[in-house]
2 protein chains.
Amino acid sequence: MTRKPALAVVGATGAAGAVMLQILSQHADVWGEIRLLSSPRSAGRKLAVRGEECEVSALAEEALDGIDVAVFLAPREVAERWAPIAAAKGAVAVDTSAAFRLEADVPLVVPEVNPHSVRVRPRGIVASPHDTTLALLPAVGALHAAFGLRELVVSTYQAASGAGRDAVSALRAQLSLVAGTELGAGPGDVRRAVGDDLGPFPAPLALNVVPFAGALQEDGWSSEELGLRAETRKILDLPGLPVTATCVRVPVVTTHSLAVHARFENEVTVERAHEVLATSPGVVLYDSPEAGDFPTPADVVGTDPTWVGRVRRSPDDPAALSLFVCGDNLRKGAALNSAQIAEAVAAELGSGR
Amino acid sequence: MTRKPALAVVGATGAAGAVMLQILSQHADVWGEIRLLSSPRSAGRKLAVRGEECEVSALAEEALDGIDVAVFLAPREVAERWAPIAAAKGAVAVDTSAAFRLEADVPLVVPEVNPHSVRVRPRGIVASPHDTTLALLPAVGALHAAFGLRELVVSTYQAASGAGRDAVSALRAQLSLVAGTELGAGPGDVRRAVGDDLGPFPAPLALNVVPFAGALQEDGWSSEELGLRAETRKILDLPGLPVTATCVRVPVVTTHSLAVHARFENEVTVERAHEVLATSPGVVLYDSPEAGDFPTPADVVGTDPTWVGRVRRSPDDPAALSLFVCGDNLRKGAALNSAQIAEAVAAELGSGR
């Protein structure tokens, strides 16, 4: 390929799309043509990318002509229908939805952890993990490579924006109702104040935490909990790894956090774990307990890496570590990881054919 | 004892004291005299208990004359000094601070879990656990009795009021600053808006979570994390139990939540766990995933029990359960548990001597 590859961004007008346009502007030399696509409803809008206005077109077969890589930042139904069409037209489809993540013949890729997997894509589709998995995997993948992972127990502190823009609007509306009041100290008073304005959540999120994210699946587990388990196993190529997750939504706008308990094959020390994390791509170690340094979502939001702090060795098991990780669910958690996958494909196309 | 026992409430004017006065009014027939004590600064205030105004006196040796049970809802330093004095004067001291919890010759009591322990008090002092332990133990104690606990991994979602009234004021002030804004989506914008108004927290709490509670202790662990471990071991009389906790503060006013992963000696089922929890004192089972029923702090606040939902069996280990528990840190977490201990002592005094 002598020309630079052509990229289509499907879902350019959404929240993840906005972050993708920033990233594309920062990495301006990777792509030749960049085509912005959306639902017919949003077509015709003009968005800035690489310093130029670019008109959004409606997603259609002919809109994919000549495209080398098509990144889908779109709902699952859109990806289910259109990613195979893009692949059939010769593009590599990079999908951020849940549509293909657990399909055996679709690689699920975190470029810092399993970059080799991107090259084996029999259906022409590469999947990007869920945002919660993406906050976790750069750190846990690095520790696995060093110490050999045996078990994970994870509790999440997930931000509202992981559930979409309406979710953020609902959280902000709820916060306006409870701010300046004495609510939150009496039984049910927050629920009464918020009324039906729950957004996509099953309970109020302001002055509350909601221990359910996603849809109900078998045996009381939520789709987010089982997805985190299945995706972690697939990315690490550890199909029998015990993974237990409890997924909880918290009143944070953007950036997911996870409290992680990890058991390894071999003994670990905090010092060795620090060395591994400090030198791993996509990870920032921010862990000086004496200085009060640990990551929080309000400090991490807007940044690319997974931030890791509170690294502690179990007093009961010298092969177990606890840590706290934060990752921006709209950057690495959606747009950035798919941009990284797309760039890996672009590099391969440039060198290979 | 033919007369009803006399109770002193030390720290009657604080947040937990206010809840204690409600509880004493509800259980009006237990006590004879009720004496309200405080620091000299708050002495002279009049508070309502059992429908009558009661003047608060300054804590002093003579203020403990004739007292049978003295409940300390006061800072650690006050309890360290005054609980032994109360005991020397013939009272049983019930302390809610951390001063004596881990002393070998002071029982640490959750009346639903280890009621027998209250009778063995060589120093005349009985300790009440930390609020986070108290949200956890009624549920975990019941499951231990049924299935035999082997390991606990816990992540907390702790409310601001666990850090005191100033903490709640700081959270409310921060919420007023961020409500109605677009803050929380850009790097550091919440921290800049909040400025130095952090209250007792090491980072902003509004639109954030703070993965550090308590003081730094050895090897990066916090006092709250090591305390939860040590207290759980002592109450359950399992000195070697592996317990790993990550303690995180969330922007909730009152009611602590915990995501719990528990491994048992024997196989468990969700059905058997439901039976155990539904019939355990101090526990409400609220767990109908199909109906969207699970506990949240905003719904639990103001109630006495530990609420349990999201009970799931590990897909990887038939002897492991995950669950989510919520408990009001000002009721069971402070005033109620010490009131229950005091009443157990009162019953013993009434029957025994």
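Coordinate-derived values only; no laboratory data. If you're wondering where the values come from, they're calculated on a predicted model, not measured in any experiment. Positions of Cβ are backbone-derived with ideal geometry, glycine not excepted, and every protein chain shown enters the neighbour counts.
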Of the numbered conditions (1) β-branched (Val, Ile, Thr); (2) in contact with an Asp or Glu (Cβ under 7 Å, 6 or more places away or on another chain); (3) closer than 20 Å to residue B:162 by Cβ, residue B:325 fails exactly one; give the number of that condition.
(2)
Could you please let me know if residue B:141 is within 30 Å of residue B:273 (Cβ to Cβ) and either surrounded by fewer than 14 Cβ atoms within 10 Å (Cβ to Cβ) or in contact (Cβ under 8 Å) with a residue 12 or more places away in the chain (or both)?
yes
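Please work out which residue is surrounded by the fewest Cβ atoms within 10 Å (Cβ to Cβ), limiting yourself to region B:10-22 and to residues that are in contact with a helix residue (DSSP H, G or I) (Cβ under 6 Å, 6 or more places away or on another chain) and under 17 Å from residue B:95 (Cβ atoms). Steps first, please.
Of the residues in region B:10-22, the ones in contact with a helix residue (DSSP H, G or I) (Cβ under 6 Å, 6 or more places away or on another chain) are B:11, B:13, B:15-16, B:19-20.
Pick out the ones that are also under 17 Å from residue B:95 (Cβ atoms) and you get B:11, B:15-16, B:19-20.
Numbers: B:11: 26, B:15: 19, B:16: 24, B:19: 21, B:20: 29.
Among them, the one singled out is B:15.
Given the criterion over 22 Å from residue A:315 (Cα atoms) and more than 10 Å from chain A (Cβ to nearest Cβ), identify the matching residue among B:227, B:180, B:162. Quick ask: steps written out before the conclusion?
On the way: B:227 fails: over 22 Å from residue A:315 (Cα atoms); B:180 fails: more than 10 Å from chain A (Cβ to nearest Cβ).
Unique residue meeting the criteria: B:162.
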Quick check on my filter: what residues within region A:328-346 are part of a helix (DSSP H, G or I) and within 12 Å of chain B (Cβ to nearest Cβ)?
A:331
Out of curiosity, is residue B:216 at the interface with another protein chain (Cβ under 9 Å from one of its Cβ atoms) and either surrounded by fewer than 17 Cβ atoms within 10 Å (Cβ to Cβ) or of a type in the set (S, T, N, Q) (or both)?
yes
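I'm trying to understand the selection: among the residues of region B:335-353, which are within 30 Å of residue B:150 (Cβ to Cβ) and buried (at least 24 other Cβ atoms within 10 Å of the Cβ)? Show your work before the answer.
Residues of region B:335-353 within 30 Å of residue B:150 (Cβ to Cβ): B:336-337, B:340-341, B:344.
The answer is B:336, B:337, B:341.
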From (1) more than 7 Å from every other protein chain (Cβ to nearest Cβ); (2) surrounded by fewer than 24 Cβ atoms within 10 Å (Cβ to Cβ); (3) of a type in the set (Ser, Thr, Tyr), pick out the condition that doesn't hold for residue A:255.
(2)
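I'm trying to understand the selection: among the residues of region A:315-333, which are crowded, with 22+ Cβ neighbours inside 10 Å and touching a helix residue (DSSP H, G or I) at 6+ places or on another chain (Cβ under 8 Å)? Break it down into steps so the answer makes sense when it comes.
Taking region A:315-333 as the starting set, the residues that turn out to be crowded, with 22+ Cβ neighbours inside 10 Å are A:320-333.
Once the filter is applied, which keeps residues that are crowded, with 22+ Cβ neighbours inside 10 Å and touching a helix residue (DSSP H, G or I) at 6+ places or on another chain (Cβ under 8 Å), region A:315-333 yields A:321, A:323, A:325, A:326, A:327, A:328, A:329, A:330, A:331, A:332, A:333.
Okay, residues lined up against (1) of a type in the set (A, V, I, L, M); (2) in a helix (DSSP H, G or I):
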{"site": "A:214", "(1), (2)": "no, no"}
{"site": "A:228", "(1), (2)": "yes, yes"}
{"site": "A:233", "(1), (2)": "no, yes"}
{"site": "A:238", "(1), (2)": "yes, no"}
{"site": "A:241", "(1), (2)": "yes, no"}
{"site": "A:252", "(1), (2)": "yes, no"}
{"site": "A:263", "(1), (2)": "no, no"}
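Within region A:162-189, restricting attention to residues that are of a type in the set (Gly, Ala, Ser) and surrounded by fewer than 20 Cβ atoms within 10 Å (Cβ to Cβ), which residue is farthest from residue B:161 (Cα to Cα)?
If we filter region A:162-189 for residues that are of a type in the set (Gly, Ala, Ser), which is where we start, we get A:162-164, A:167, A:169-170, A:173, A:176, A:179-180, A:184-186, A:188.
Keeping just the survivors that are surrounded by fewer than 20 Cβ atoms within 10 Å (Cβ to Cβ) gives A:164, A:169, A:173, A:176, A:180, A:186, A:188.
Numbers: A:164: 30, A:169: 27, A:173: 24, A:176: 21, A:180: 17, A:186: 13, A:188: 17 Å.
Filtering first and then ranking leaves A:164.
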Take residue A:127 and tell me if it is touching a Leu at 6+ places or on another chain (Cβ under 9 Å), under 24 Å from residue B:315 (Cβ atoms) and either among the small types (Gly, Ala, Ser) or within 14 Å of another protein chain (Cβ to nearest Cβ) (or both).
yes
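Does residue A:112 qualify as being closer than 19 Å to residue A:330 by Cβ, among the acidic types (Asp, Glu) and part of a loop (DSSP other than H, G, I, E, B)? Quick ask: steps written out before the conclusion?
On the way: closer than 19 Å to residue A:330 by Cβ: yes; among the acidic types (Asp, Glu): yes; part of a loop (DSSP other than H, G, I, E, B): yes.
In short, yes.
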Can you confirm whether region A:148-155 contains a residue that is more than 30 Å from residue A:318 (Cα to Cα) and buried (at least 20 other Cβ atoms within 10 Å of the Cβ)?
no
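Looking at A:351, A:322 in this structure, which one is among the small types (Gly, Ala, Ser) and not in a strand (DSSP E or B)?
On the way: A:322 fails: not in a strand (DSSP E or B).
Every option except A:351 fails the conditions.
Within region A:163-180, does at least one residue satisfy the condition of being assigned to a loop (DSSP other than H, G, I, E, B) and within 15 Å of residue A:130 (Cβ to Cβ)?
Filtering region A:163-180 for residues assigned to a loop (DSSP other than H, G, I, E, B) gives A:164, A:179-180.
Then drop every residue that is not within 15 Å of residue A:130 (Cβ to Cβ), which leaves A:164.
Within region A:163-180, one or more residues are assigned to a loop (DSSP other than H, G, I, E, B) and within 15 Å of residue A:130 (Cβ to Cβ).
So which of A:312, A:272 is crowded, with 16+ Cβ neighbours inside 10 Å, part of a strand (DSSP E or B) and either within 12 Å of chain B (Cβ to nearest Cβ) or in contact (Cβ under 8 Å) with a residue 24 or more places away in the chain (or both)?
Just a single option satisfies the conditions, and that option is A:312.
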What number of residues within region B:190-205 satisfy the criterion of being crowded, with 19+ Cβ neighbours inside 10 Å and at the interface with chain A (Cβ under 8 Å from one of its Cβ atoms)?
3
Of the residues in region A:80-102 that are over 20 Å from residue A:119 (Cβ atoms) and touching a residue at least 40 places away in the same chain (Cβ under 8 Å), the one that is surrounded by the fewest Cβ atoms within 10 Å (Cβ to Cβ) is A:98
Residues in region B:315-327 that are facing another protein chain (nearest Cβ under 9 Å) and under 21 Å from residue B:231 (Cβ atoms) total 3
Read through the list (1) part of a loop (DSSP other than H, G, I, E, B); (2) aliphatic (A, V, I, L, M); (3) in contact (Cβ under 8 Å) with a residue 40 or more places away in the chain, then give the number of the only condition that residue B:185 fails.
(3)
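Would you please name the residue that is farthest from the other protein chains (Cβ to nearest Cβ), looking only at residues in region B:282-307 that are more than 16 Å from the chain's Cα centre (by Cα) and either closer than 21 Å to residue B:153 by Cα or in contact (Cβ under 8 Å) with a residue 60 or more places away in the chain (or both)?
At the first step, the residues of region B:282-307 found to be more than 16 Å from the chain's Cα centre (by Cα) are B:284-296, B:298-299.
Filter once more, keeping what is either closer than 21 Å to residue B:153 by Cα or in contact (Cβ under 8 Å) with a residue 60 or more places away in the chain (or both): B:285, B:287, B:294-296.
Working: B:285: 13, B:287: 8, B:294: 6, B:295: 8, B:296: 5 Å.
Among them, the one singled out is B:285.
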Per the filter on region B:219-232, residues crowded, with 18+ Cβ neighbours inside 10 Å and not aliphatic (A, V, I, L, M) are B:220, B:221, B:222, B:224, B:225, B:227, B:229, B:231, B:232
